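In what follows, a structure is listed as structure tokens, so that the remarks can point back to it.
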Amino acid sequence: MAKTVSVAMKRTEPTPEPIWCSEDLSPLFQACFREYNTLLVGGAKEPLYTPWNENEPAKIYYTRDFFRSALHEVAHWCIAGPERRQLEDYGYWYAPEGRNAEQQLAFEMVEVRPQALELLFCAATAHPFLVSCDNFNGNGNEEEFQRRVWAEALKMLAGDMPPRGKQWLKTLQAAYGVAVLNEAQLGTVWRHV
């Protein structure tokens, strides 16, 4: 008589990846920052910040439906002080891709803090993060820029974070179920080239 062996089938299906939808961020932003009369708006060809006026709230436009673009543009807004928030695009200049070495250095100087804060936001949502030098002609030191973004993110994590950045970070953590935010969590989302 043949012996029947019962084998419990173990499910080997992969755990589904989290789904990040940029449209989910707008109502979270509204609830978190209602008092600032500022909207987070997707679908733009290029990112842009427009200040409020007597007829319109301020608007943070992010590129198309890109989740990371929304997080990045909110990072700029969280860092900008009251005077900068009265200016279109916070008064910054932007030279498109193809910058010379001097322009690239200026770009990197203003991008370290926003990208460090974006890294924290990505960690709070468990979304992969990749530093963006936004220049493909090689006029910058990408490795050094990555090091500076990482160091700034650790500094912010240790307490040197803009108040609105801290407020948004807590909102994202609650919404995406990331209870602990530490250096190890940053490492799980950090991607290098």
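What are the residue pairs meeting all of these: first residue in the stretch 47-58, first residue of a type in the set (V, I, T), second residue part of a strand (DSSP E or B), Cβ atoms under 8 Å, and 6 or more apart or on different chains?
Hits for this filter: T50/A58; T50/K59; T50/Y61.
Quick test for you: out of E46, E13, E35, E54, pick the one residue that is acidic (D, E) and modelled with pLDDT of 95 or more.
Exactly one residue qualifies, and that residue is E35.
Test M161 against the stated conditions and say whether it is open to solvent by less than 60 Å² (accessible area, probe 1.4 Å), modelled with pLDDT of 95 or more, among the aliphatic types (A, V, I, L, M) and assigned to a loop (DSSP other than H, G, I, E, B).
Details: open to solvent by less than 60 Å² (accessible area, probe 1.4 Å): yes; modelled with pLDDT of 95 or more: yes; among the aliphatic types (A, V, I, L, M): yes; assigned to a loop (DSSP other than H, G, I, E, B): yes.
So M161 passes the test.
Every residue in the stretch 168-183 that is open to solvent by less than 70 Å² (accessible area, probe 1.4 Å) and either within 15 Å of L71 (Cβ to Cβ) or assigned to a helix (DSSP H, G or I) (or both), please.
Our first condition is that a residue be open to solvent by less than 70 Å² (accessible area, probe 1.4 Å); within the stretch 168-183, this holds for 168-169, 171-173, 175-178, 181-182.
Matches in the stretch 168-183: W168, L169, T171, L172, Q173, A175, Y176, V178, L181.
The values are calculated or read from the model by the stated rules, or taken from the named source; none is laboratory data. None of these values were measured; they are calculated from a predicted model. Note that we place each Cβ from the backbone using ideal geometry, even for glycine, and neighbour counts take in every protein chain shown. For the accessible areas, the whole protein counts, side chains as well, though only heavy atoms, and no ligand, DNA or RNA atoms are used. Shrake-Rupley method; radii C 1.70, N 1.55, O 1.52, S 1.80 Å.
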